[in-house]
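The values are calculated or read from the model by the stated rules, or taken from the named source; none is laboratory data. Everything quoted here is computed from the prediction, not taken from an experiment. Every residue, glycine as well, gets a Cβ built from its backbone with ideal geometry; the counts of neighbours run over all protein chains shown. Ligands, DNA and RNA are excluded from the accessible area calculation, which covers all protein heavy atoms including side chains. Shrake-Rupley method; radii C 1.70, N 1.55, O 1.52, S 1.80 Å.
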Amino acid sequence: MTTTSRPAVERVQPPKAPYRVVNRVMRWLLSSPRRAQGVGRHLLLLHVVGRKSGRRFILPVAYRAIADGRLLVLTSSGWRANLRGGTNVGVTMFGERRQARANLVEDPQTVASTYLYLIEEVGHEKAGRRLGIRINVPRLPTLAELEEAARRDGLSLIYLTVDGPR
């Protein structure tokens, strides 16, 4: 009998059908200043145009403000490929649509060090749920384990520089 061991860190893939409904509700909530007050502290709508298809996507994403005034989004979703090379996007924050510059970071070392910092910041026990990953070890993952997850699962960072004051 063979057993397959799980990696120390892996991306979480939520079930698609329920998330379609959740995303629809979140788009509705986040599009209004009044409705977005509670959830808008952690979520925004990212407006992305497909590079090849020209298709428009409106994606509810979790974000965190970072010290230099930019916003950080963590993702492993396929739509991130539309942001390679940096691109202009729209963001809706607290019901207000604004322009932003998105810079995608896929370098496994950079991604891993950022994830490690965030895991240390929020605590090992809460990090998985808050960062969209599953930590399968009863300790802080190593930098090498996080780099492996970034390579294998496409863990990435998106830095958003939002135009205008908030």
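A few points about this structure:
- Rounded percent of accessible protein surface that carbon and sulfur make up, segment 1-72, 1.4 Å probe: 55
- When only the Cβ of Lys, Arg, Asp and Glu is charged (+1, +1, -1, -1), the dipole of segment 76-142 relative to its Cα centre reaches about 240 debye.
- Apolar share of the accessible surface for segment 95-163: 47 percent from carbon plus sulfur atoms, 1.4 Å probe.
- Averaged per residue, the chain has 59 square angstrom of accessible surface, using a 1.4 angstrom probe with ligands and nucleic acids left out.
- Once both labels are positioned 7 Å from their Cα atoms along Cα-to-Cβ, the gap between Ser5 and Glu121 label points is 3.1 nm.
- Charged-residue dipole, Cβ positions (Lys, Arg, Asp, Glu), segment 16-102 about Cα centre, Debye nearest 20: 300
- Inter-centroid distance (Cα atoms) of segment 29-96 relative to segment 115-141, Å: 23
- For peptides 22-29, 43-50, 98-105, sequence by mean Cβ density within 10 Å, most packed first: 43-50, 98-105, 22-29
- At most 15 other Cβ within 10 Å, DSSP loop - trypsin sites (Lys or Arg not before Pro), segment 107-139: Arg139
- Between 0 and 90 degrees, the angle of helix 108-122 with respect to the longest Cα principal axis of the chain falls at about 90 degrees.
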